[in-house]
Amino acid sequence: MKQKTAIILYIVLFSTALLASAGILAATKLSTVQNKDTGSVETVTEYSDDQELLSCVEGTTTDMLHPQYWTDRIEDKQIFTSSEIEQINSDNPAFVEYTLEGETKKHKLFMDDLTETMDGKIIKALIGPDSVKDFQDKNPEFFVNGMPAKEGYLDEIYDNLALDNIGESVVPQYAFIVKRAVSKIFPTEDFAAPTADERYIDSFVSAEEMPFDGVVILHTSKDGEFYYVLNGSYLGWVRKENLAICSSREEWNSFVSPEKFIVVTGSEIVLEETAVETMASGMVLPMGTKIRLSKDVPEMVNGRRTYGCYVVDIPARSQDGTMSCEKALIPVSKDVHVGNLSMTSKVVLEQAFKFLGKVYGYGGALSSNDCSGFIRQVYACFGLKLPRNARAIAKMHDLGSVETAKMRLDAKKILLSETTPGMPLYMDGHLMMYLGMVDEKFYVISSCATFIEPGHDTSDIVDGYCVFVSGMDLLRANGNTWFEDISFILNKDY
């Protein structure tokens, strides 16, 4: 019996060593701990080789940078079923708000309910005739591309809005984003910031525009270089070359809601380069990208056999700006999945950790994510559609939103300890994903710009600008901890 046990242990250790040498696992060691509840002795995995290679936020250990550290500690609960996700999406359709000139009432515009023609007054209200003035009032001094804004700069921006070109009625055009981009609040590529040395936060950025997102074109800039688009819960100006216009709404719908599709489940994948010229060659597709599977599967695509590949339809931009459909191959070895993933706690955390260490990208800048974009991309793998704004996500009742700003800390602690790992938490200005509790301390993973480590002065601000794991004892500028400032906990079982 002892000999058999020794052989099994040898096999386990030898296999672990092989995986580590192949780069599949970090070097590990096995240790035993006693379960406080049952008294039984359990084997746990410890990650030991990263301590000299990786840095962490104060209070976080390198062990915690492995998703298995967290998934081993939780029950693999089904967070939402596919039917529940479908119902949540149906009950929370994307919309934007606007106020017509001379009114104070806010109106909602739902992307799924657009008519064949739209009142031009609505388009003007969406763009905002006072948008430039509002920006100037909030930013009396600002820098453009690192230099002080020149006199008359915003007048030129306003002129490019071409508000006088909007007629009494407007025919919306349906289009697709053909490569990852950002939309801007004004039609310009300029980088605006309150200081000359700011490099991460562009005050002109509205939101990210992901490949193959279906959008609606509402207007064109005066210089003809930008389209003003509606993308679910947000609006913005996108360069024309990033869009392909569909021939009809039916064509658009066939890509937006395909019968069969694959989802990118890696932080990103790169499509195979092709020997013939194609739009898809070398294209980068981020996590959550939905790609339509071809109904007809030819033997050859782009001069090569389709062996071991999914055949997909890619929306591409023709020279005249209209959409064409390209066939492309995605090897089964890529980090993709046919249909949406099953939304369990462990799978959500595994997806989230694929972003660990990636750069912070405000509004999708730097081809990356800010706090809400991080959560949104992870949840897109499960088919769950979330709004652009972090606070709007935090207030979604169907996700179990509980307002906790005025809750006693002991009550908040009980609620958070009962929250399912993988669910979002929110404090003013920042959205996080809950991981669990270790030694009476709560932990999260998030894409964060700046923070203050525990025990430091509130003026000792750290420029993080990345996705990292941290305890919720980090401080804010007001002196409170992240835990103290949590204002919404999304607890689906509440």
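State yes or no: is residue 384 over 22 Å from residue 78 (Cα atoms) and among the aliphatic types (A, V, I, L, M)? Criteria not met by residue 384. The condition of being modelled with pLDDT of 95 or more and in a strand (DSSP E or B) holds for residue 442. Within region 147-159, one or more residues are at pLDDT 95 or above, open to solvent by 20 Å² or more (accessible area, probe 1.4 Å), closer than 19 Å to residue 218 by Cβ and not basic (Lys, Arg). In a residue-by-residue description of region 160-178, the property of being assigned to a helix (DSSP H, G or I), surrounded by 14 or more Cβ atoms within 10 Å (Cβ to Cβ), out of contact with any His (no Cβ under 8 Å at 6 or more places or on another chain) and of a type in the set (Val, Ile, Thr) applies to no position. Say whether the condition of being over 26 Å from the mean Cα position of the chain (by Cα), assigned to a loop (DSSP other than H, G, I, E, B) and not hydrophobic (A, V, I, L, M, F, W, C) is met by at least one residue in region 76-90. Among the residues of region 76-90, not one is over 26 Å from the mean Cα position of the chain (by Cα), assigned to a loop (DSSP other than H, G, I, E, B) and not hydrophobic (A, V, I, L, M, F, W, C), which makes the answer no.
Of all residues in region 262-286 being among the hydrophobic types (A, V, I, L, M, F, W, C) and open to solvent by 40 Å² or more (accessible area, probe 1.4 Å), which is nearest to the chain's Cα centre (by Cα)? Per the stated criteria, the residue is 284.
Among the residues of region 445-466, what is the count of those that are in a strand (DSSP E or B) and open to solvent by 10 Å² or more (accessible area, probe 1.4 Å)?
The total comes to 8.
Taking every residue in region 475-494 that is under 13 Å from residue 451 (Cα atoms) and pairing it with any residue that is hydroxyl-bearing (Ser, Thr, Tyr) and not in a helix (DSSP H, G or I), at least 6 positions away or on another chain, the pairs with Cβ-Cβ distances below 7 Å are 475/458; 475/481; 477/458; 479/458. The set of residues from region 349-376 being in a helix (DSSP H, G or I) and in contact with a Leu (Cβ under 9 Å, 6 or more places away or on another chain) comprises 349, 351, 352, 353, 371, 372, 374, 375, 376. For region 179-211, the candidate set comprises residues that are surrounded by 21 or more Cβ atoms within 10 Å (Cβ to Cβ) and of a type in the set (Phe, Trp, Tyr); within that set, the residue that is farthest from residue 362 (Cα to Cα) is 186.
Here is the figure for region 394-408: residues that are part of a helix (DSSP H, G or I) and surrounded by 12 or more Cβ atoms within 10 Å (Cβ to Cβ) total 3.
Cβ-Cβ distances below 8 Å connect the following pairs, each with a first residue in region 82-107 that is crowded, with 16+ Cβ neighbours inside 10 Å, a second residue that is among the aromatic types (Phe, Trp, Tyr), and a separation of six or more residues or different chains: 85/382; 88/80; 94/110; 95/110; 96/234. Exactly one residue among 259, 350 is open to solvent by 60 Å² or more (accessible area, probe 1.4 Å) and either more than 30 Å from residue 445 (Cα to Cα) or small (Gly, Ala, Ser) (or both), and that residue is 259.
The values are calculated or read from the model by the stated rules, or taken from the named source; none is laboratory data. Please read these numbers as outputs of a predicted model, since none were measured by experiment. A quick note on method: Cβ atoms are made from the backbone with ideal geometry, for glycine too, and the neighbour counts reach across all protein chains shown. With ligands, DNA and RNA removed, areas are computed over all heavy atoms of the protein, side chains included. Shrake-Rupley method; radii C 1.70, N 1.55, O 1.52, S 1.80 Å.
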